Structure formats: C-alpha cells, structure tokens
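I have placed the structure first, in the form of structure tokens, so that the comments after it can refer back to it.
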Amino acid sequence: GERPVGSWPDYYDSLTLFSPARHSAMPGAPFPGDPDRYPHRDEVTAYLERYAAGLDVEIRTGTKAEAVEADGAGFAVHTAAGRTLGAAGVVAASGSFANPHLPVLPGQDGFTGELLHVADYRSPEAFSGKRVVVVGGGNSAVQVGYELSKTASATLATRTPIRFLQQRRDGRDLHDWLVATGFDHLPAEWLIHYVGGTPVMETGDYENALDSGRLERREMFTAFEGEGVVWADGAREPVDAVVFATGYRPALDYLRPLGALDSGGAPLHTGGVSATHPGLVYAGLEFQRSFSSNTLRGVHRDAAHVVAPLAAHVRRAP
C-alpha cells in the first residue's frame, strides 16, 4: 500500500469496530475521543497512520514482497520492483485481506448474476432494489446483510443458525468483561470449550431485523443455476447478486519459496515463532496465541512474545 495502515482503507464503508476505543489502541497511544465509542474504519486508518509516523523506523510504502529466500543465517526479500533486501530476521505481519476465501459450488461458473467476496463490497447503494444473498454467519455477513436489507431484498445463507452475543450487558461493553476475566489471554486450545462456532456481536438491530422479516435467514443453498440459486429444500430462485462473507486465509504466498508453509498455505509455527526457520516470526494470525491475537487490542502481546526470540537470533545469542 501507499500508506502504512494495512488493509483498513479497503474495508466496506460502514465498518465500525466491535470493540470500544478504550480497548482498541496500541500500548502508549490511546485512541482519541470518547473511550466508550466504537471507532469507524476511517478513524482507525488515521490512528494507525499517526502511530506509524511516531515510530523510529524506516517505512517503505509501495513495496510488495514477492518472495523470501534463505540467505545464510538471514534472508533475502525480493520485491515486485525487482529489488532484493537483505534481512537478519523477518516478521510476517501481512494479515489476510489480500487472500479472501471464495468457496466453489456446483454451477458457479455459469451464474449470470454478480458474484463477489465481501472484500470487494463497499456500500449498499449499488444493490438498491435488487435481490441479494449474503453467504456467511459471522459479524461481517450479518452487518452487510443488515445494511443491504434497507435498500434491497436480502437473505443470509448460513449452514447453521446465527449465534448472537449481546455487545452490552448492564451498561458495560462485552470487551470490559473479556479483559477483566482474562478471556482475551486464553490460549487458542482452550477456546473450543467456550466458543462453539462464530458468535455475532448483537447491538439490538440485527435480531430485530430477522424477527421482523426485513432480513431473512435461510439454510445455505446447494448450487448455482443460471440466473439464480437452488436452495436446500430444492426451490429455485433468481438472484441479482451473491456476496460471499466467507472469511480469509493468511496472505503469505511470499514465504512459499522458503518452505515455511504447509500444503494449504498456512504457516508452520508455534505461538507465532516459525517452526521451520530461525529468525522468522509472525504477527496478526487468527488465534496465533489467544482469542484476541488478530485484533487491535491483542496483537501487541503477540508482538512482544515473538520479538524476544527474534532479537536473540539476530544478535546470534548462544
């Protein structure tokens, strides 16, 4: 990118954080404004740009890493512009936005409507008056489906019923509880015992939209067919657009030449420290070490964890 703000400017226009400002800041840099508000996408972008400007580091924007290779005890980072950067260590913190997961269903290639991933969705205006199906049952799917239902006929297609989690309880945000109880710090292996599936933060609007019928939820369709979809009950329906809100995968293809990934493109690591190459570490992976690993409020803990072994390697500690 041309700014050191990651993928934030490219998210859909209405995106707001699910965690309040007080829990969405980097250490030593409080989020400006009311600490109990939920910052908008553009506010997060501006915050990250200010944060980056205060770091005593060289930042090269517009520099895409194409491939990383071993070079003695260090690495050679090859860029899209044809340059090679030598490095004693590498932190792979490139997130997943560049690698959206798009399922393939029968008949998909012959679908005549519009097909897109939520990574390419910006606002509901382009879908006004149309029949739209949003695939997915997570936060993004529900939020996009809800705003589409204001100007379009929108349906959420999910494999299981949507699980809502109340965002505020007794006047306090859920994240106050997550921090106070230590849930944010739980190792990923524990989470399966507490979180079954993907809970959706409920602000009071989404369930009402489903209960009133303004936003519909149906079991996932089984196939595309020409200008429409085939629902699980066999019914066929024409639709104008299908939006896949089906998540992302780590965008780490530049590490393939290094042999640091498994066959599916996932990094081989323990808690963010590479299991294949000393001097290679990760930050921002989902559930890297805890529930909050790939969030603004939690990534700093993982960064602190991986920097210690990285620094030891760079200093050639015995």
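The values are calculated or read from the model by the stated rules, or taken from the named source; none is laboratory data. All values derive from a computational prediction rather than experimental measurement. Positions of Cβ are generated from backbone atoms using ideal geometry, with glycine treated the same way; all protein chains shown enter the neighbour counts. These area figures cover heavy atoms from the full protein model, side chains too; ligands, DNA and RNA do not enter into them. Shrake-Rupley method; radii C 1.70, N 1.55, O 1.52, S 1.80 Å.
List the residues whose amide H sits under 5 Å from the amide H of Gln288, counting only those 5 or more places along or on another chain, with H placed 1.01 Å from N in the peptide plane.
Ser293, Asn294
How many angstrom lie between the C-alpha centres of region 2-76 and region 123-147?
Comparing the Cα centres of region 2-76 and region 123-147, I get a distance of 26 Å.
In nm, what is the difference between 0.36 nm times the number of residues separating Ala308 and Leu116 and their Cα-Cα distance?
65.0 nm
With a 1.4 Å probe and all protein chains left in place, how much of the accessible area of region 68-166 comes from carbon and sulfur atoms, in whole percent? Please list the in-between numbers first.
Working: 2390 of 4670 Å².
Whole-percent figure for carbon plus sulfur exposure: 51.
Once the Cα atoms of helix 41-53 and of the chain are each reduced to a long axis, what angle between those two axes, in degrees from 0 to 90 to the nearest 10, is obtained?
In the chain, helix 41-53 runs at an angle near 10 degrees to the longest axis.
Please report, in whole Å, how far the alpha carbons of region 99-152 spread along each principal axis, starting with the longest.
Rounded to whole Å, the extents work out to 30, 24, 17 Å.
Can you tell me which of Thr246, Thr84, Thr16 moves the most in a GNM of the chain? Springs connect C-alpha atoms under 10 Å apart.
Comparing Thr246, Thr84, Thr16 in a Gaussian network model of the chain, the most mobile one is Thr84.
Given the DSSP H assignment, sum -39500 (n - 2.57) over each helix run of at least 4 residues in the chain and divide by its residue total; what's the result at 222 nm in deg cm²/dmol, nearest 500?
-5500 deg cm²/dmol
Quick query: amide H of Leu165 versus all other amide H atoms, modeled in the peptide plane; which residues come in under 5 Å with a sequence gap of 5 or more or a different chain?
Distant-sequence amide H within range of Leu165: Val200, Met201, Glu202.
Which residue, Glu219, Glu58, Glu66, tops the fluctuation ranking in a GNM of the chain built on C-alpha contacts under 10 Å?
Largest GNM mean-square fluctuation: Glu58.
Quick check for you: with a 1.4 Å probe and neighbouring chains kept, what is the accessible area per residue of the chain, in Å²?
I get 52 Å² per residue for this part.
How about region 47-115: which chymotrypsin sites (Phe, Trp or Tyr not before Pro) there lie in a loop by DSSP and see at most 11 other Cβ atoms within 10 Å?
Answer by residue number: there is no such site.
Considering the alpha-carbon set of region 208-284 alone, what are its Rg and its Dmax in angstrom?
20.6, 56
If exposed means no more than 16 neighbouring beta carbons inside 10 Å and the site is in a DSSP loop, what's the longest run of the chain without any exposed trypsin sites (Lys or Arg not before Pro)?
215-314
Using a 10 angstrom cutoff on alpha carbons, build the Gaussian network for the chain and name the most mobile of Asp120, Asp211, Asp240.
Looking only at Asp120, Asp211, Asp240, the largest GNM fluctuation is found for Asp211.
Relative contact order for region 117-239 using alpha-carbon pairs under 8 Å, separation at least 6, rounded to a whole percent?
For region 117-239, the relative contact order is 27 percent.
When 1/r is averaged over all different Cα pairs and the result inverted, which Kirkwood radius in Å belongs to region 79-212?
About 18.5 Å, per the Kirkwood formula over Cα pairs.
Provide Rg over Rh for region 197-247; use the alpha carbon set for both Rg and the Kirkwood Rh (inverse mean inverse pair distance).
1.03
Here are a few candidate values for mean projected area of the Cα convex hull in nm²: [x] 16.9; [y] 14.6; [z] 18.9. Which one was actually calculated from the structure I just gave you?
Matching the structure shown: [z].
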